[in-house]
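Note sheet for the following structure.
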Amino acid sequence: MSNVFEKLQDEMGTYRLQNRIAELERALKDKDELLGNANRTYAFEINRLESELAKYKSTVLLNCPFCDGDAVLMQEVCGDDYYVQCMICDAQSVYDNVKSEVIMSWNKRV
(Lines give C-alpha, C1' and ligand atoms only; values in the text may rest on other atoms or scores of the structure.)
Protein backbone atom coordinates (compact mmCIF):
# COMPACT_ATOMS: atom_id res chain seq x y z
CA MET A 1 0.00 0.00 0.00
CA SER A 2 2.77 2.42 0.85
CA ASN A 3 4.38 1.90 -2.59
CA VAL A 4 1.13 2.85 -4.29
CA PHE A 5 0.83 5.91 -2.06
CA GLU A 6 4.44 6.97 -2.74
CA LYS A 7 3.93 6.47 -6.47
CA LEU A 8 0.77 8.58 -6.32
CA GLN A 9 2.65 11.29 -4.43
CA ASP A 10 5.43 11.23 -7.04
CA GLU A 11 2.90 11.48 -9.84
CA MET A 12 1.13 14.38 -8.08
CA GLY A 13 4.48 16.09 -7.52
CA THR A 14 5.36 15.64 -11.18
CA TYR A 15 1.93 16.95 -12.19
CA ARG A 16 2.40 20.03 -9.96
CA LEU A 17 5.87 20.62 -11.40
CA GLN A 18 4.54 20.36 -14.94
CA ASN A 19 1.77 22.84 -14.10
CA ARG A 20 4.28 25.19 -12.48
CA ILE A 21 6.55 24.95 -15.50
CA ALA A 22 3.61 25.75 -17.78
CA GLU A 23 2.69 28.74 -15.57
CA LEU A 24 6.26 30.02 -15.68
CA GLU A 25 6.42 29.63 -19.45
CA ARG A 26 3.17 31.61 -19.82
CA ALA A 27 4.52 34.29 -17.48
CA LEU A 28 7.71 34.54 -19.53
CA LYS A 29 5.69 34.84 -22.74
CA ASP A 30 3.53 37.54 -21.13
CA LYS A 31 6.69 39.31 -19.92
CA ASP A 32 8.09 39.32 -23.45
CA GLU A 33 4.83 40.74 -24.78
CA LEU A 34 4.77 43.37 -22.04
CA LEU A 35 8.38 44.30 -22.75
CA GLY A 36 7.60 44.58 -26.45
CA ASN A 37 4.67 46.87 -25.68
CA ALA A 38 6.79 48.87 -23.24
CA ASN A 39 9.54 49.28 -25.83
CA ARG A 40 7.03 50.50 -28.40
CA THR A 41 5.54 52.91 -25.85
CA TYR A 42 9.03 54.08 -24.88
CA ALA A 43 9.98 54.68 -28.53
CA PHE A 44 6.73 56.55 -29.11
CA GLU A 45 7.37 58.74 -26.05
CA ILE A 46 10.93 59.48 -27.20
CA ASN A 47 9.65 60.52 -30.64
CA ARG A 48 6.99 62.71 -29.03
CA LEU A 49 9.55 64.42 -26.79
CA GLU A 50 11.98 64.93 -29.68
CA SER A 51 9.19 66.47 -31.73
CA GLU A 52 8.21 68.73 -28.84
CA LEU A 53 11.84 69.75 -28.36
CA ALA A 54 12.24 70.55 -32.07
CA LYS A 55 9.08 72.65 -31.94
CA TYR A 56 10.39 74.47 -28.87
CA LYS A 57 13.78 75.09 -30.50
CA SER A 58 12.08 76.55 -33.56
CA THR A 59 9.92 79.02 -31.63
CA VAL A 60 11.96 80.23 -28.62
CA LEU A 61 14.95 82.52 -29.07
CA LEU A 62 17.98 81.91 -26.91
CA ASN A 63 20.08 84.82 -25.70
CA CYS A 64 23.01 86.03 -27.80
CA PRO A 65 25.86 83.51 -27.91
CA PHE A 66 28.43 86.33 -27.78
CA CYS A 67 27.21 88.70 -25.05
CA ASP A 68 24.17 86.91 -23.56
CA GLY A 69 21.99 89.85 -24.58
CA ASP A 70 18.32 89.57 -25.49
CA ALA A 71 17.62 88.52 -29.07
CA VAL A 72 14.72 89.75 -31.19
CA LEU A 73 13.21 88.32 -34.36
CA MET A 74 13.23 91.04 -37.00
CA GLN A 75 11.74 91.30 -40.49
CA GLU A 76 13.29 93.23 -43.34
CA VAL A 77 11.48 96.49 -44.05
CA CYS A 78 11.07 95.81 -47.76
CA GLY A 79 11.17 92.05 -48.06
CA ASP A 80 9.95 88.76 -46.76
CA ASP A 81 13.14 87.73 -45.01
CA TYR A 82 13.49 87.40 -41.26
CA TYR A 83 16.58 87.53 -39.09
CA VAL A 84 17.48 87.56 -35.41
CA GLN A 85 19.42 90.42 -33.92
CA CYS A 86 21.01 90.90 -30.51
CA MET A 87 19.83 94.06 -28.77
CA ILE A 88 23.23 94.58 -27.07
CA CYS A 89 26.01 93.74 -29.53
CA ASP A 90 23.96 93.79 -32.78
CA ALA A 91 25.03 90.26 -33.78
CA GLN A 92 22.73 88.92 -36.49
CA SER A 93 21.62 85.54 -37.73
CA VAL A 94 21.24 84.41 -41.31
CA TYR A 95 18.37 85.87 -43.35
CA ASP A 96 15.59 83.53 -44.42
CA ASN A 97 11.91 83.75 -45.35
CA VAL A 98 11.03 80.97 -42.89
CA LYS A 99 10.88 82.16 -39.27
CA SER A 100 11.54 78.75 -37.73
CA GLU A 101 14.69 78.27 -39.83
CA VAL A 102 16.05 81.63 -38.71
CA ILE A 103 15.29 80.87 -35.07
CA MET A 104 16.86 77.40 -35.24
CA SER A 105 19.92 78.86 -36.94
CA TRP A 106 20.27 81.49 -34.19
CA ASN A 107 19.76 78.93 -31.44
CA LYS A 108 22.31 76.50 -32.86
CA ARG A 109 25.48 76.75 -30.80
CA VAL A 110 28.55 75.58 -32.64
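At-a-glance table
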quantity	calculated
Pick from segment 17-53, criterion more than 30 Å from residue 104 (Cα to Cα) and among the acidic types (Asp, Glu), ranking: farthest from the chain's Cα centre (by Cα)	23
Number of the condition not met by residue 78 [criteria: (1) assigned to a loop (DSSP other than H, G, I, E, B); (2) buried (at least 16 other Cβ atoms within 10 Å of the Cβ)]	(2)
Answer from 11, 76 - the residue that is charged (D, E, K, R) and either touching an Asp or Glu at 6+ places or on another chain (Cβ under 9 Å) or modelled with pLDDT of 90 or more (or both)	76
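The values are calculated or read from the model by the stated rules, or taken from the named source; none is laboratory data. Not measured: the values here are computed from a predicted model. When we count neighbours, we look across all protein chains shown, and the Cβ atoms used for this are built from the backbone with ideal geometry, even at glycine.
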